[in-house]
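Working notes for the structure below.
Laboratory data are not the source of any read-out in this text; all were calculated from the coordinates shown. Everything quoted here is computed from the prediction, not taken from an experiment. So basically every Cβ, Gly included, is an ideal-geometry build from the backbone, and we count neighbours across all protein chains shown.
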Amino acid sequence: MKNKDGKHKQLSSRQLVSTWRRVLLFFIIHSSLCITPLFADPIDDPLGRILPHNGDARKFEWTVTGGNTQQFTLSCNGKKVTVSDSDNIAVATGINWYLQHYAGIDISWNAPTGRLPRKLPYCNTEKHTASVPWRYYLNFCTCS
């Protein structure tokens, strides 16, 4: 900073510390806002949390195809489970369907993780479509 005479004015130690705190806070806030959306994966992250053992989460492959209705197509060959879906919610639903109906794993509040068998249970290719246009998480008033 310059004063009226054009000479540089020294900042007091209190002003200097305050300035550095502001700069540091600015970078912390902006870096967390910019980095998180780049690395967050709406399927891979939860799948890694619910199937943390022996690389179980890597036994699933998925593709999001888009579309107006929520639907998923499930297929597996004993080594990989493939889910192709209209959106990420349908991907999670398809993976949950396989875990419940073929692998015998029920993910819930009381059992938030599971372990897949060494050889994945085989399933035929099947397609499921949501019967309602809107679904709500933890809506206890309806059957879901």
Square roots of five times the C-alpha gyration tensor eigenvalues of segment 44-129, ordered largest first and given in whole Å, equal 20, 15, 11
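Quickly rank 118-130, 63-75, 17-29 as a protection proxy: mean count of other C-beta atoms within 10 Å, highest first. Kindly include the intermediate steps, with their values, before the conclusion.
Numbers: 118-130: 12.0, 63-75: 14.9, 17-29: 10.3.
Final packing ranking: 63-75, 118-130, 17-29.
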